[in-house]
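In what follows, a single structure is set out as structure tokens and then discussed.
The values are calculated or read from the model by the stated rules, or taken from the named source; none is laboratory data. Just so it is clear, the model here is predicted, and its values are computed rather than measured. Methodologically, a virtual Cβ is constructed for each residue, glycine included, from the backbone with ideal geometry; neighbour enumeration extends over all protein chains shown. The area values use the complete protein model at the heavy-atom level, side chains included, leaving out ligands, DNA and RNA. Shrake-Rupley method; radii C 1.70, N 1.55, O 1.52, S 1.80 Å.
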Amino acid sequence: MPVSQGCLCVVKYLMFVFNLIFWLGGCGLFGVGVWLSFTQSEFSSLPLSFPSLSAANLLLVAGGITMITGFLGCLGALKEQRCLLFTFFLILLLLVLTEVTLVLVIHIFHDQLDSKAQKDLKEDMKMYESDPGLKNSWDNVQKMFKCCGVTNKTDWYNVLQGKLPLSCCSVGTQTCVEGWTEPCYQKARKWLIKNITSVLVFGVCIGVVQILALVFSMLMYCQILSVEKHLD
């Protein structure tokens, strides 16, 4: 076996292994997104700016794209097709650049994004009495997290004419006067960070695999080109 074909064989199987890991990682992210969607289904009437709901949708999209890209990479490695490999390389490069851009945007505009999300949630509260689904979602959030309002329990005063919803207090209370002091946005955010830390570490590992898959896809592309030239 010529040296170039031997190198191609090694790179081929290495790329296949990395893309298989990549695909499995996508399945993991998608699975966590599905789990979050089901566990937070009681909050489904809230705006997607609510931390756990936005995280669920983000994981579903990221997991789905990762699965498709990983499958394309495995197929390109097995078929040894330059066109397929180049397409995979471009899609993966675009995906990596998008991820890096998203991380930078979230890091740089962190405060602005938080303010925008809280503003959306406060606007949404105004339909508490007219929308049964929204009312149920807000009540479930406040009971689950033992919190009240978006940033403060006083958020409800303009909505309910100086009163608090019963869900701001312990179950069985006839009227709610004091209410829980912790705001729901920060409480939900803390819960999300606590429960998704391992997923973030997993995401970093997937990022490393993405970089390696990019390198191996380009190496394989060059090796196939070299073998084709040798055969000619």
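At-a-glance table
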quantity: Residues located in the stretch 135-146, provided they are surrounded by 18 or more Cβ atoms within 10 Å (Cβ to Cβ) and over 23 Å from LEU200 (Cα atoms); calculated: SER137, TRP138, ASN140, VAL141, GLN142
quantity: Of all residues in the stretch 101-134 being more than 26 Å from the chain's Cα centre (by Cα) and open to solvent by 80 Å² or more (accessible area, probe 1.4 Å), the one that is farthest from CYS168 (Cα to Cα); calculated: SER130
quantity: When residues of the stretch 147-161 are limited to those that are surrounded by fewer than 16 Cβ atoms within 10 Å (Cβ to Cβ) and not β-branched (Val, Ile, Thr), the one farthest from LYS122 (Cα to Cα); calculated: GLN161
quantity: PHE38 being open to solvent by 30 Å² or more (accessible area, probe 1.4 Å), at pLDDT 75 or above and not β-branched (Val, Ile, Thr); calculated: yes
quantity: In the stretch 122-162, the residues that are more than 22 Å from GLU178 (Cβ to Cβ) and in contact with a Pro (Cβ under 7 Å, 6 or more places away or on another chain); calculated: ASP124
quantity: Boolean, LEU60 is free of Cβ contacts under 8 Å to residues at least 60 places away in the same chain, open to solvent by 70 Å² or more (accessible area, probe 1.4 Å) and under 20 Å from LEU192 (Cα atoms); calculated: no
